[in-house]
Amino acid sequence: MSHLSEHRVVQCPYHLAKRYLGDEVRDLATSRKQSHLTLILSMPGLELVKGVLVTFGPSADPMHFDEPWHIHWKPQAGPYPEFDGELTVRADETYESARLELTGSYRPPGGALGAAFDWAAGSRIASATAGALLARLGDEMKSRYEADEQAKPSQTATS
């Protein structure tokens, strides 16, 4: 079993980032419907586009502070592993940003040969793929935050 832990700092306040992520996955989590997701990884000399079926479900935070979401994805084709983990928004060091985290585990397909490939290169591909997913989600959160801020009526002080 291989473990994955990636994070990305998002330029969006924690309370809003948590709400934005919840808005994206809440309906999928409560309905238990599968959604199609395309994971894209671009590395020097490698362009990997992987279609996966993803399901979300509520997860538990023992501190009752964050709102983690269980995530499971299964590739639609190819020798790729299934992934089980959590997608969580956590408070960052400043009020202007949040941490988007993806943690979990997967079993490389192919037995001992797959485990050897995972050790040699597969784990780096998995980390980069997770990083690309977090980057895309983080960019969407930041864009939504900026749009929400621009939509606010301007607050001009009167003298």
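Values quoted throughout were computed directly from the atomic coordinates according to the rules given, and no laboratory measurement underlies them. None of the values given here were measured: they were computed from a predicted structure. Methodologically, a virtual Cβ is constructed for each residue, glycine included, from the backbone with ideal geometry; neighbour enumeration extends over all protein chains shown.
Distances between placed amide hydrogens fall under 5 Å for Glu67 paired with Val89, all partners being 5 or more residues away or on another chain. Across the stretch 6-19, computed HN-Hα scalar couplings (Karplus, 6.51 cos²θ - 1.76 cosθ + 1.60, θ = phi - 60°) run 10, 8, 8, 7, 10, 7, 7, x, 3, 4, 7, 4, 5, 5 Hz from first to last residue, x flagging Gly and Pro. Label separation (Val9 vs Ala128): 2.4 nm, computed from points 7 Å beyond Cα along the C-beta direction.
Between the beta carbons of Asp27 and Ala151, assuming R0 = 30 Å, the FRET efficiency works out to 0.85 to the nearest 0.05.
Under the combined filter of DSSP loop state and at most 12 neighbouring Cβ atoms within 10 Å, the stretch 83-138 retains none of its trypsin sites (Lys or Arg not before Pro). Potential lengthening of the chain between Tyr95 and Ala116 amounts to 3.3 nm, from the contour at 0.36 nm per residue minus the alpha-carbon distance.
As a calculated quantity, the FRET efficiency between Asp84 and Ser143 at R0 = 30 Å, using C-beta atoms, amounts to about 0.55.
Using a Cα-Cα cut-off of under 13 Å, which aspartates and glutamates could be cross-linked to Lys74, ignoring same-chain neighbours fewer than 8 residues away? Within the straight-line limit of under 13 Å, Lys74 reaches these aspartates and glutamates: Glu82, Asp84. What separates the Cα centres of the stretch 1-19 and the stretch 107-159 is a distance of 8 Å. Counting neighbouring Cβ atoms within 10 Å and putting the fewest first, the residues Lys74, Lys18 line up as Lys74, Lys18.
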